[in-house]
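Contents: one structure, followed by commentary.
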Amino acid sequence: MRTLKFYKTVFLIAAAYDLILGVSFFLLYPIVYSMFNIPLPETEAYLQLNAAFVFAQGILYWFVYRNIKRNVDIVKVAVAYKLAYAWVALYNWGIGELPHVVFAVFGLIDIAFIALFLLFLTDYRKVTE
């Protein structure tokens with residue numbers, strides 16, 4: 001049986017991951033895009049809108065970490081969000097339209113989070129300390 005501590009660790013890692021990505025792509029996008037040799041879009045708002053959304057997801061995972069049983073519904077939305085990103089990223093990677101493979105890597109990481117979140121949703125009623 002997986003423990004509450006295990007799942008709290010999962011959501012703490014998910015929170016840190018999305019908070020760091022959100023801040024990086026919001027404030028440091030010229031550096032990040034330059035590191036990967038990705039051309040910048042015409043407007044920074046395009047990047048910052050997406051980065052703000054990722055950052056907000058990180059805050060939601062922090063809420064789950066803080067009170068895991070009360071925030072189960074956030075996890076259900078998280079599965080949908082991560083599934084949507086992974087699908088779009090991996091589909092576009094498959095057809096050769098993704099700006100850079102790093103976005104596919106993020107999609108693969110999200111698939112791992114989806115699996116862990118779904119595992120939590122099957123376990124949460126019986127999770128122990």
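Annotations
- Qualifying trypsin sites (Lys or Arg not before Pro) in segment 26-129, DSSP loop, other Cβ atoms within 10 Å at most 11: Lys69, Arg70, Arg125, Lys126
- Rg and Dmax, both from the Cα atoms of the chain and both in Å, are 15.7, 50.
- A helix-only calculation puts the chain at -26500 deg cm²/dmol for mean residue ellipticity at 222 nm, using -39500 (n - 2.57) for each DSSP H run of at least four residues, averaged over all residues.
- Of all accessible heavy-atom area on the chain, the percent that carbon and sulfur account for (1.4 Å): 68 percent
- Pairwise centroid distance, computed over Cα atoms, of segment 88-129 with segment 32-46, Å: 23 Å
- The chain, accessible area per residue, ligands and nucleic acids excluded (1.4 Å, Å²): 60 Å²
The values are calculated or read from the model by the stated rules, or taken from the named source; none is laboratory data. This one's a predicted model, so the numbers in the text were calculated from it and none came from an experiment. As a convention, Cβ positions derive from the backbone with ideal geometry for all residues, glycine included, and neighbour counts pool all protein chains shown. All accessible areas refer to the heavy atoms of the entire protein, side chains included, with ligands and DNA or RNA removed. Shrake-Rupley method; radii C 1.70, N 1.55, O 1.52, S 1.80 Å.
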